[in-house]
Amino acid sequence: MSRMEHKSFLPQTEATAKKRLHNGIEIYQNNEGETEFLYNEIFQKEMYFKHGITLPEHGTVMDVGANIGMFTLYVSSKSNCKVYAFEPLPPTFELLEMNTSLLPRVTTVNVGLSNEIKEAEFAFFPTMSTDSVQIRYRENHDQDLRYGLINHYRDHFDDPRMLNRFVDQMMSPKFLNEQIHRCKLTTISEMIRYYDMNPIDLLKIDVEKSEFEVLEGIEPEDWGKIRQIVMEVHGLDGEQISRLENIFRTNGFNVVIDYYEDLNIPNYFNVYAMNQMYISAG
């Protein structure tokens, strides 16, 4: 038997659905389970702040793949940093704006980050907005969606069979409700120039399989402007991990790549990179 009624997990029908987080912050959300998951990762586990990654009291933070703004809210609650939050998908960006509208040091930008200025189609999943993905990476994405749903809702079920039946229901076209959006993309270097960001104290990246594209959008002269980078990466094999390590080390960063055991998702890693130039200066 489930611990809660299934209907409480289904996506909200209006963007104005609001939730009070455990720390008292009120947030507009796509759905209850996803909000709880993000809060647990970012506020409780503080998963982005390991292996020496720190948040300065004052500084500049880029939140690439901001979703509904949970990481931006975390940074704003812990510091006086200026945050630039980037989210390409219009339905999610609307919630991001609503959640950060009262924060004067937050700038929201309705674009995604990539290796060039262009447009691309995205698959948007209202029930799992954090797993929305560029169409070019959509193939074989169902496994990731399933793992994500299981991790989002496992604490609400005593019986694994009931959990799997519920996830089967959520994976059906009726509830997955996949939507296609054409979104604008730009590069980190373009945004550095446009917003005159130097230095960037922390660059956070969570872009569902587009990670290499985002890093390719950092021009050689701009790597030195970035002090710290944290990112999630998905579906990487050994060769791709080596490639990722080489990108950071070639550009002067110490890097740690951790398998994210908590989620029990194959080939799911967190990356923590620190610019050697700033480590030496410190």
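The values are calculated or read from the model by the stated rules, or taken from the named source; none is laboratory data. Computed from a prediction, not measured in an experiment: that's the story for all the values here. Surface areas here come from the heavy atoms of the whole protein model, side chains and all, with no ligands, DNA or RNA. Shrake-Rupley method; radii C 1.70, N 1.55, O 1.52, S 1.80 Å.
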Accessible surface of the chain [probe 1.4 Å, protein heavy atoms]: carbon and sulfur percent = 46
ask   = Accessible area per residue of the chain at 1.4 Å probe, in Å²?
value = 46
key: Tensor-based shape of the range 158-201 (alpha-carbon gyration tensor, a/c under 1.5 rounded, otherwise prolate or oblate)   = oblate
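Determine the shape class of the range 93-177: with a ≥ b ≥ c the square roots of the Cα gyration tensor eigenvalues, call it rounded for a/c under 1.5, and otherwise prolate if a/b is greater than b/c, oblate otherwise.
oblate
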task = For the chain, set up a Gaussian network in which alpha carbons nearer than 10 Å are linked by springs, and say which option among 87, 219, 139 fluctuates the most.
result = 139
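For the chain, what class follows from the C-alpha gyration tensor (a ≥ b ≥ c being the square roots of its eigenvalues): rounded when a/c is under 1.5, otherwise prolate if a/b is larger than b/c, else oblate?
Judged from the Cα gyration tensor, the chain comes out prolate (a/c at least 1.5, a/b above b/c).
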query = At what distance in angstrom do the alpha carbon centres of the range 58-116 and the range 164-206 lie from each other?
reply = 11
inquiry  = So if each residue of separation counts as 0.36 nm, and I subtract the Cα-Cα distance between residue 116 and residue 194, what length gain in nm does that give?
reply    = 26.6 nm
remark   = From most to least accessible, 1.4 Å probe, no ligand or DNA/RNA atoms counted, 274, 128, 191 line up as 274, 191, 128
